[in-house]
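Student: Questions regarding the structure given below will be posed in turn.
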Amino acid sequence: MSLSQLTPTLSSPHTPTETYWGYDYDLVIVGGGIVGLTLAAALKDSGLNILLIEARVASAAVAKGQAYAVHMLSAQIFQGIGVWDKILPNVAKYNQVHLSDADYPDVVKFQTDDLGTPELGYVAEHYALLEPLQEFVRNCANITMLCPAEVVSTQNQRDLVIINIKMAEESRIIRSKLLVAADGSKSPIRQAAGIKTKGWKYWQSCIVAFVKPEKSHNNTAYEKFWSSGPFAILPLPGNRCRIVWTAPCEEAKALCALNDQEFLAELTKRYGEQMGKLELLGERFIFQVQLMQSDCYVLPRLALIGDAAHNCHPVGGQGLNLGIRDAAALAEIIQTARQNRQDIGNISILKKYERWRKKENLAILGFTDLLDRVFSNNFLPVVIVRRLGLWMMQKVPMIRIFALKLMIGLKGKTPELAKR
C-alpha cells in the first residue's frame, strides 16, 4: 500500500498546501505504548507541542498480560526522565543471571560483583511500566493524548505532514512538523509510507506464562538453552516468575493445548526442581518469533521507533529495551535540533537518529539470532564450540563482563538522558 492511497480528502476550511506554514503540533506520536510514552515523556522540557495518539482505551492497554526484562540502560533512561521512582516499587530486581546449556553441568553465573552495582537489572509487568508513564505524560503541559483514536490516513507535504484522525464518529485533520510511528511490528504508518522490511519468521514460537514456585526465586534470572530453543525464567514481585519457553512451532502449540497439570509436568522438566513445586497463574499465551529490520528508520517528516522499526528473537529480553533506547536517542536528536532552531522533521536531522540506532539495533538482532541458532541444535562440532565458549565465559572475567554489558545495554552510545 502506498502513502498516496491513504491521502485524505481534506474538508477542513484550512486545507493545507505546500506553502502552508501553520502547525497544530510540532510532533505527533502514533502509539501510546511503553515506547511511544517514553519518547513523549523524554521531551517534557523540550518546549515542543506534542500530540500522542493511541488506538486502545487506556484500561485495555494497562491490562495487557506481559512482563519484560528491564535492562540497566533502560532504568537509567527512566531515571533521567524522572519516572523511575514511580516504576521501581512495582518491579523485581535481579542480582544474578544463570546461563546454562541443556544438561551441561557447568553454569555461567553473572553477579553484581561483575559490574560493581547493587543489581544487574529488573523485571516489570506491563502495567508497572505503562501506568507510571501514562500518569507522567498526563501531567506534562506540552503533551496532549488522544485515546482511543486512530490514524485514518496521512499526507506528506514539503513543510508538514497532514494526519487524518478518527475519534468515535468525529474526524479531525492535524498538521505537524514530524510524525513518529510507535505503532508496533505491523505498523500501518510504516506500511503506508512504503518502507520495506527484511527478516523472517523463525521455526520457533514462544509460550509465556506466570508461575508461582514453592521456594524463593532469590532474585535470580535464568536463561537455559535447549536444542528446541531458549527457556527463560524471570523473577517478579510476590515470589512469582515469568517464563518464556521457546520451542518449535508445532511443539509449542501442542504444549499450549495441554491441560494445566500436564503443562506443569512438562514445564517442571525444563524449569528444574530448584524452586520446588510450581503453581500456574492465569492464562498461557503463544506467539511466533520473528526477526525484522526496516530498510530505513526515517523519511522526510517521519521516524520509526520500537517494534515499528525492528523485531528480534526474545532471547536475552532485548526487544522492549531496544525500543526504549530508540525513544531516548530520537528525543535527544529532536531536542538538540529544537535548541539549534532547526526543523525537527528535516531528513538531515532525522538521519542522525537512523545512523545512531540502526547499526546498534542490527548488532543486537544479529547477536540474538546467532545465540538462538548456535544453541538450538545438537550438531556435535557446534556443541563443542559453544560449551568451550561457556567455559571461557565462566573462567575469564573480561569475557564474562563484556557479554554482560552487551546484554544489558552498556555497550554502544549512551543517550544523554541516561547520564543524568
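Student: Identify, from the list Leu291, Leu302, Leu278, the residue that is under 18 Å from the mean Cα position of the chain (by Cα), of a type outside the set (Lys, Arg) and open to solvent by less than 50 Å² (accessible area, probe 1.4 Å).
Tutor: Leu291
Student: Go through the residues of region 268-278 one by one and say whether even a single one is in contact with a Ser or Thr (Cβ under 7 Å, 6 or more places away or on another chain) and within 26 Å of Cys312 (Cα to Cα).
Tutor: Within region 268-278, none of the residues are in contact with a Ser or Thr (Cβ under 7 Å, 6 or more places away or on another chain) and within 26 Å of Cys312 (Cα to Cα).
Student: Run down Gln155, Gln111 and say which single residue is free of Cβ contacts under 8 Å to residues at least 40 places away in the same chain and over 22 Å from the mean Cα position of the chain (by Cα).
Tutor: Gln111
Student: Okay, next question. Could you list all residues from region 191-247 that are in a strand (DSSP E or B) and open to solvent by 50 Å² or more (accessible area, probe 1.4 Å)?
Tutor: Those that are in a strand (DSSP E or B) and open to solvent by 50 Å² or more (accessible area, probe 1.4 Å): Thr197, Lys198, Trp200, Lys201, Trp203, Lys212, Trp226, Arg240.
Student: Further, regarding this structure: Got at least one residue in region 169-181 being free of Cβ contacts under 8 Å to residues at least 24 places away in the same chain, charged (D, E, K, R), assigned to a strand (DSSP E or B) and over 30 Å from Ala128 (Cβ atoms)?
Tutor: Within region 169-181, one or more residues are free of Cβ contacts under 8 Å to residues at least 24 places away in the same chain, charged (D, E, K, R), assigned to a strand (DSSP E or B) and over 30 Å from Ala128 (Cβ atoms).
Student: Another question about this same structure. Would you confirm whether any residue within region 384-397 is over 18 Å from the mean Cα position of the chain (by Cα), of a type in the set (A, V, I, L, M) and open to solvent by less than 40 Å² (accessible area, probe 1.4 Å)?
Tutor: yes
Student: Does region 318-348 hold any residues that are open to solvent by 10 Å² or more (accessible area, probe 1.4 Å) and part of a helix (DSSP H, G or I), and which are they?
Tutor: Listed by number, the residues that qualify are Gly319, Leu320, Arg325, Glu332, Ile333, Gln335, Thr336, Arg338, Gln339, Ile347, Ser348.
Student: While we're looking at this one, here's another question. For residues that are among the basic types (Lys, Arg) and open to solvent by 70 Å² or more (accessible area, probe 1.4 Å), tally how many sit in region 261-275.
Tutor: Total meeting the criteria: 1.
Student: What number of residues in region 403-420 are open to solvent by 60 Å² or more (accessible area, probe 1.4 Å), at pLDDT 90 or above and closer than 19 Å to Ala69 by Cβ?
Tutor: Looking only at that region, the number is 1.
Student: Go through (1) of a type in the set (A, V, I, L, M, F, W, C); (2) within 26 Å of the chain's Cα centre (by Cα); (3) at pLDDT 95 or above; (4) open to solvent by 20 Å² or more (accessible area, probe 1.4 Å) one by one and return the number of the condition Ala254 breaks.
Tutor: Of everything listed in (1) of a type in the set (A, V, I, L, M, F, W, C); (2) within 26 Å of the chain's Cα centre (by Cα); (3) at pLDDT 95 or above; (4) open to solvent by 20 Å² or more (accessible area, probe 1.4 Å), Ala254 misses just condition (2).
Student: Within region 121-136, is even one residue open to solvent by 40 Å² or more (accessible area, probe 1.4 Å), in a strand (DSSP E or B) and in contact with a helix residue (DSSP H, G or I) (Cβ under 8 Å, 6 or more places away or on another chain)?
Tutor: So far as region 121-136 goes, no, none of its residues is open to solvent by 40 Å² or more (accessible area, probe 1.4 Å), in a strand (DSSP E or B) and in contact with a helix residue (DSSP H, G or I) (Cβ under 8 Å, 6 or more places away or on another chain).
Student: From Ser46, Ser2, which residue is modelled with pLDDT under 85 and over 30 Å from Tyr271 (Cα atoms)?
Tutor: Every option except Ser2 fails the conditions.
Student: Given the conditions (1) on the phi < 0 side of the Ramachandran plot; (2) loosely packed, with under 15 Cβ neighbours inside 10 Å, report the number of the one that Ala102 does not fulfil.
Tutor: (1)
Student: Just to be sure I understand, how many residues within region 164-190 are buried (at least 23 other Cβ atoms within 10 Å of the Cβ) and over 30 Å from Leu291 (Cβ atoms)?
Tutor: 1
The values are calculated or read from the model by the stated rules, or taken from the named source; none is laboratory data. Quick caveat: nothing in here was measured; it's all calculated off a predicted structure. Here Cβ is always computed from backbone atoms with ideal geometry, including for glycine, and neighbour counts include all displayed protein chains. Note: accessible area is taken over every heavy atom of the protein model, side chains too, but ligands, DNA and RNA are not part of it. Shrake-Rupley method; radii C 1.70, N 1.55, O 1.52, S 1.80 Å.
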